[in-house]
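Scroll down for the structure; my scribbles are underneath it.
The values are calculated or read from the model by the stated rules, or taken from the named source; none is laboratory data. All values reported here derive from a predicted model rather than from experimental measurement. Cβ coordinates were reconstructed from backbone atoms using ideal geometry, including for glycine residues, and neighbour counts include every protein chain displayed.
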Amino acid sequence: MRAIAVVFLTVPLLAQHGRYLSDSHHPSIGNPEAIAAGTKLFMGSCAGCHGPDGGGGARGPNLVRRSLWHPLSDEAIFQVIRKGVPGTDMPPTKLTDDQTWNLVAFIHALTGPASTNPVPGDAAAGKAVYWGAKAGCANCHAIRGQGGKTAPDLSNVGGSRPLAVIRESIVEPGKDLTYLGNEAAVVELKDGRTLRGVAKNRSNYSLQLVDGTGRLHLLRMSDVKELTLQETTAMPVDYGTRLSRTELRDLLAYLAAQDIRPAEGKGSK
């Protein structure tokens, strides 16, 4: 099976930007056994093009990242797998319905919101890691009004991001700043003041800067003498070694559970 994500350019957008469409109530979706079976199929037929984690390969695009801006429904993915996309490297397959749904279940778990899929780890232990001094996540990030304000709010991170993206943002924060959506900045103003913090919603005309105390500064670019943006992320880059494997797993379980949607809106399991 090749280049399944090629279809993302041809199938009509079926939901609002940035959401995974979980419109199927098929029993395979969210079923650990189906996901495991789909994993084997993916590794044997799809990973050669898309990478073993769906992160992209020599011939296939990144399935996880692409799902954030061009989501597909489970039913649409089923049809792509079975029928392929004429004129592309994505051929039709001869999988049975059950096998196809197992593969859809795996792709759903890979690209859908973390809160809608089984996540290993102890969320209670992960909460202690998040709020503890070793990780220090709460120094910058807030969850439901508690914590810092200089970094993105994580109250809905599990309901809006795949687990793979959350993990990447922790252990490889400099790899892709799309999730962070922030830039560390030093602003020298024409009145002589110097502000340091995180730049948000920057344009040619205005700049919002959150300083280290959490105060929001609304600035006009015409008042800025010099703006220096940090080329790398303000997020610590050592979590892969600072946290043990168990601590990281539990932290991911806790973050995956952060979902502000009502229980009935979190997809089928």
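Could you tell me whether the range 40-47 includes any residue that is modelled with pLDDT under 80 and in a loop (DSSP other than H, G, I, E, B)?
no
Tell me yes or no: at least one residue of the range 170-184 is farther than 20 Å from Leu255 by Cβ and either among the acidic types (Asp, Glu) or modelled with pLDDT of 80 or more (or both). Explain how you work it out, then say what you get.
Taking the range 170-184 and keeping what is farther than 20 Å from Leu255 by Cβ, we get 183-184.
Add one more test, that the residue is either among the acidic types (Asp, Glu) or modelled with pLDDT of 80 or more (or both), and what stays is 183.
Yes, the conditions are met somewhere in the range 170-184.
Which of the residues belonging to the range 20-29 are crowded, with 20+ Cβ neighbours inside 10 Å and modelled with pLDDT under 85?
Tyr20, Leu21, Ser22, Ser24
In this structure, does Gly87 turn out to be assigned by TED's automatic domain parsing to the domain that holds Gly54 and either of a type outside the set (A, V, I, L, M, F, W, C) or at pLDDT 95 or above (or both)?
yes
Looking at Thr111, Thr116, which one is polar (S, T, N, Q) and closer than 19 Å to Met43 by Cβ?
Being polar (S, T, N, Q) and closer than 19 Å to Met43 by Cβ holds for just one of Thr111, Thr116, which is Thr111.
Could you check the range 129-165 and list, in sequence order, the residues that are out of contact with any strand residue (DSSP E or B) (no Cβ under 9 Å at 6 or more places or on another chain), within 19 Å of Gly240 (Cβ to Cβ) and either at pLDDT 90 or above or assigned by TED's automatic domain parsing to the domain that holds Gly51 (or both)?
Result: Val129, Gly132, Ala133, Lys134, Ala135, Gly136.
Among the candidates Ala58, Ala5, which residue alone is surrounded by 20 or more Cβ atoms within 10 Å (Cβ to Cβ), modelled with pLDDT under 85 and more than 22 Å from Arg261 (Cβ to Cβ)?
One residue alone meets the criteria, Ala5.
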